[in-house]
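S.K.: There's a structure below that I have some questions on.
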Amino acid sequence: MTGLGTPLRRSQLISPFGVGAMTTGPDGISVMSAGLDAWFRREGGGENASNLDVSEFRVEEWRLQRYLNVQEFRLPPDYRNPRSFAGDPATNSMLTVPMVRFPQMHFCRNGRCLRMTRLSLHARSRKRCPHCEKGWLVQVPFVAICAAGHAQDFPFREWVHQSVAPTCAGVLKIRSTGGASLAAQVVECECGKSRNLARITQGSADGTYLSTDLSRDEEYTCPGHTPWHGTEDTTGCGLPIKGSLRSASNVYYAVTRSSIYLPQSDDTEVGAVMDLFGTHAALATYLQVLRDTDQRGTATTIRTIARSSLERFSDRVLDLAIAAHFSDRPEVPREDDTGQVEGEIAFRRTEFDALRRPQRHRELESRAIAIEDYGNWMAGHFDRVVLVDRLRETRALVGFERIVPETQTEVEERKKLLWIRSDRPNTNWLPAALVYGEGIFLTLREERLTEWEQRLEVGQRAVLLHDRFQEAASRRNLHERQLPGRFPMLHTLAHLLMNQLTYECGYSSAALRERLYVSERPQPMAGILIYTAAGDAEGTMGGLVRMGRPQHLARIVSQALESSTWCSADPVCMEVGSTSGQGPDSCNLAACHNCALVPETACEHFNRFLDRGLVVGSNESRELGYFDLQA
């Protein structure tokens, strides 16, 4: 439950309705999720108010904490009805995630009025028009955004007067002339000036958007509004600003990072104690102070702090956990040190190595199946099949972007958007959601993959895709990345298998997700994890793992590949990849909605870098594909 009566699931407060995102409540009011400063606070009380225990919401994910350089993660608060005991409300009751009313500009629904009114960010419920006192006020469907993440009301007054600093303070009206385009929406001022809203969402040739179209004499730049912090103060941004419909997809892109939980020790009991070191509030604080001052804790002191929680563990287990905690842990890269793409590859290599081995842990349980059990054809193309009976994924919100996703903005800059001031105490945490599920982990045979990548036509196809991405990256300030032939091939294979599995085991198309493990050097990786993305606290029912058994998986892979040889849009789909490309940024070759695309929530790369030709070959050359369907 969130403020202003807008019910949301916890996971939705990470994506797509995280801090700075807009959603519409049951009463039709558009609201924006508030910044993290306002979370875990009751109205009239702070974070340390009575009957408030934030430690209940802490999540331990040691690798992701190190990667993002944060002290802890917290689950979004869930709303609980107050229950009284001895006159006191229950712990953590009536917690909500605050929302602010945005956009603030409203117009009167009375056709004879249509006057525009600006309401406070904190106004609640529906309001009557203060001018005619008859019609209801409705929020305008337009906002203005910039690439730095700022958002504000559309500058109607500046737009209609074609001035960055208009002196007229007349009442504005907005009316529709009956057409379906923005040109049919006209803003009028009582001074007699009017202007339609044509082209407010379009970009100029130099990418300056609304900034150059508003006035002929002066550029209108972003003042730096951050309404999600509940204030109308500005930060002085200065970037070009763009008009947009408030429901447009480019208004908000949640920037998330995720991790598959890996045990901290091969010993189950030692790993459990180390997990407790991170989730027990008093113990975590004590151990952090010791690490910061280069001291080491004792078993006696630690047992005193967390007496009941450690009763079932022996002194030997506790001593081993303490030794492991204060020794150097496996190196985990930090994204702000390595960059997003390089850091992500290094971060996932640990997962890749762990998933290749059977695991027996309450958060990660998997078993390897001999590849020979799947038949000679599978053994010739795949190196390993691992059935993951249980896994835990942690998804953390690290910031957000507007206009274009995946820009080169540093992770620390993104995190600052979530706070009014990120240098204050108790701000070194991020919101996160836990997903329990199951999956199938597949790795390809490296020798065959290396031989395939050396084929001339494969290299030419990979260069074609890479050049198209480089063009888009330079135009939109996207992260640089290398695209070896194995990357689009593995990515497309994951999509094909997800589409086939939705038919086989009854999951919805958005219930499965991919996780790619791809690298050429120094240590090659070529693996995909397909897992359930919508499990609850108990996980899922085992249907996906069942499909990974030898009697099913070989048939599913074969059917997915056979189906991909022909698309209902062929020959256009296959041929367009060799000419102009298709999809977002033209970064797909032979891949479209009819054959290889999945819901964007299921794809790690916005349905880009896909090509059926690299999987099964093209009409001109079957040698182009990694998989030999004739065998």
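S.K.: So if I check each of 501, 465, 442, which one is modelled with pLDDT of 95 or more and surrounded by 22 or more Cβ atoms within 10 Å (Cβ to Cβ)?
M.R.: 442
S.K.: For residue 494, state whether it is touching a strand residue (DSSP E or B) at 6+ places or on another chain (Cβ under 8 Å), assigned to a helix (DSSP H, G or I), farther than 22 Å from residue 620 by Cα and free of Cβ contacts under 8 Å to residues at least 40 places away in the same chain.
M.R.: yes
S.K.: Taking region 190-209, which residues are at pLDDT 85 or above and not polar (S, T, N, Q)?
M.R.: 190, 191, 192, 193, 195, 197, 198, 199, 200
S.K.: Same structure, new question: Can you find even one residue in region 474-491 that is at pLDDT below 95, out of contact with any strand residue (DSSP E or B) (no Cβ under 9 Å at 6 or more places or on another chain) and assigned to a helix (DSSP H, G or I)?
M.R.: yes
S.K.: Within region 115-164, restricting attention to residues that are of a type in the set (Phe, Trp, Tyr) and outside any loop (DSSP other than H, G, I, E, B), which residue is most open to solvent (accessible area, probe 1.4 Å)?
M.R.: Only one residue tops the list, namely 136.
S.K.: Let me ask something else about it. When you check residue 55 against the structure, is it more than 30 Å from residue 248 (Cα to Cα), at pLDDT below 90 and touching a helix residue (DSSP H, G or I) at 6+ places or on another chain (Cβ under 6 Å), yes or no?
M.R.: The answer is yes for residue 55.
S.K.: Going by the conditions given, is residue 186 at pLDDT 90 or above and more than 20 Å from residue 112 (Cβ to Cβ)?
M.R.: no
S.K.: Looking at region 146-161, is at least one residue touching a helix residue (DSSP H, G or I) at 6+ places or on another chain (Cβ under 9 Å) and at positive phi?
M.R.: Yes, there is a match, as at least one residue in region 146-161 is touching a helix residue (DSSP H, G or I) at 6+ places or on another chain (Cβ under 9 Å) and at positive phi.
S.K.: So which residues in region 145-173 are in contact with a strand residue (DSSP E or B) (Cβ under 8 Å, 6 or more places away or on another chain) and over 30 Å from residue 19 (Cα atoms)?
M.R.: Passing the criteria: 160, 161, 162, 168, 170, 171, 172, 173.
Yes/no per residue for (1) modelled with pLDDT under 85; (2) surrounded by fewer than 17 Cβ atoms within 10 Å (Cβ to Cβ):
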| position | (1), (2) |
| --- | --- |
| 217 | yes, yes |
| 228 | no, no |
| 246 | no, no |
| 250 | no, yes |
| 277 | yes, no |
| 300 | yes, yes |
| 306 | yes, no |
| 323 | yes, yes |
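S.K.: Right, another one. Return the residue satisfying two criteria in turn: it lies in region 159-183 and is closer than 14 Å to residue 142 by Cβ and of a type in the set (S, T, N, Q), and of such residues it is modelled with the lowest pLDDT.
M.R.: It comes out as 181.
S.K.: Select, from 218, 188, the only residue that is over 20 Å from residue 151 (Cα atoms) and without any contact (Cβ under 8 Å) to a residue 40 or more places away in the chain.
M.R.: 188
S.K.: I would also like to ask the following. Could you give me the residue pairs with C-beta distances under 8 Å whose first residue belongs to region 119-132 and is within 24 Å of residue 229 (Cβ to Cβ), whose second residue is modelled with pLDDT of 95 or more and part of a loop (DSSP other than H, G, I, E, B) wherever it lies, and which are 6+ apart or on separate chains?
M.R.: Here the result reads 119/104; 120/104; 121/102; 121/104; 127/119, each pair linking region 119-132 to a residue that is modelled with pLDDT of 95 or more and part of a loop (DSSP other than H, G, I, E, B).
S.K.: List pairs: first residue in region 153-174 and in contact (Cβ under 8 Å) with a residue 60 or more places away in the chain, second residue acidic (Asp, Glu) and open to solvent by 40 Å² or more (accessible area, probe 1.4 Å) anywhere in the structure, Cβ distance under 7 angstrom, at least six positions apart or on different chains.
M.R.: 173/188
The values are calculated or read from the model by the stated rules, or taken from the named source; none is laboratory data. Not measured: the values here are computed from a predicted model. Here Cβ is always computed from backbone atoms with ideal geometry, including for glycine, and neighbour counts include all displayed protein chains. Protein only, heavy atoms only, side chains kept; ligands, DNA and RNA dropped before computing areas. Shrake-Rupley method; radii C 1.70, N 1.55, O 1.52, S 1.80 Å.
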